[in-house]
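Nothing in this text is a laboratory measurement; each read-out follows from the coordinates by a stated rule. The model shown is predicted, which means the values in this text are computed figures rather than measured ones. Ideal geometry is used to build each Cβ from the backbone, glycine not excepted, and the neighbour counts take in all protein chains shown.
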Ligand SMILES: Nc1nc2c(c(=O)[nH]1)N[C@H]1C(S)=C(S)[C@@H](COP(=O)(O)O)O[C@H]1N2
Ligand SMILES: [Mo]
């Protein structure tokens, strides 16, 4: 049985974090120093979006799927993260992912498709028209954010791969690189991080591949250069730094389900009526707010996605 992140003692985590920070300073020289300075500036201001460096993407088609809910400030989205490849603390990824190289970057498309290929992320960005989509996001730990993602529908990429009728599921894999992803030197999770969707979930128009947020390139701690965004599911489905997308016949293994099957299911649809065994899922705390709010079925996207699960027992298939 693996040790779980939340059982780690602070004393075990800290030395590595210090080591990585020191390495950044030593090996990056001027570039590293600049990176640190830019972050320091962005931390000094917290109006939503205003603290973000200038936009990388222009002429984005815009869609708001979060109603009039206030967008979470850029600093919160980029300093409160789960990304165990860079440490188990919420602040660790912002610190430890600075030196992670995300260029050049390729993604292997394989399995039950007519057009297997290895594609470059820059090509994908050129090929697909990018959109901004404001989504409500909900982590299984009961915090939530509203994030203006930049990306394209996963369905576009799937169409290009031409899945065969055997492609029932899509399996995603994160990069393995223990030199650059120091958390992978420890067995907190079974590396690489893997996730999966049923093909109809993967091709649903709400499902996105994100390459940016707040109009700029995705920060490393949020999953650069590309990560999955499925707004009606708990956050752990949103796998970061994807290097492989495989189309498969059988339901693929997923990291947190392997780790603790009674706590994390394959579907992981946001469901206020199914508690996590160790805490309630009925409410959530929006980052930056004091009072908790009620969690909505499918995170508020039930009208769009509930029919995907018609006839399923969502207590069993949690
Ligand atoms: N590769 C990888 N992807 C990951 C994780 C991780 O540890 N490793 N954590 C997941 C969890 S639990 C959450 S809540 C979201 C957080 O995304 P954010 O930091 O952009 O908010 O990333 C998900 N994707
Ligand atoms: Mo999460």
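Sort the following peptides by mean Cβ neighbour count (other Cβ atoms within 10 Å, averaged over residues), highest first: 122-128, 190-196.
Result, highest mean first: 190-196, 122-128.
Neighbouring Cβ atoms within 10 Å as the yardstick, rank 149, 143 fewest first.
So the ranking, lowest neighbour count to highest, is 143, 149.
Classify region 158-221 as rounded, prolate or oblate from the Cα gyration tensor: take a ≥ b ≥ c as the square roots of its eigenvalues, call it rounded if a/c is under 1.5, otherwise prolate when a/b beats b/c and oblate if not.
oblate
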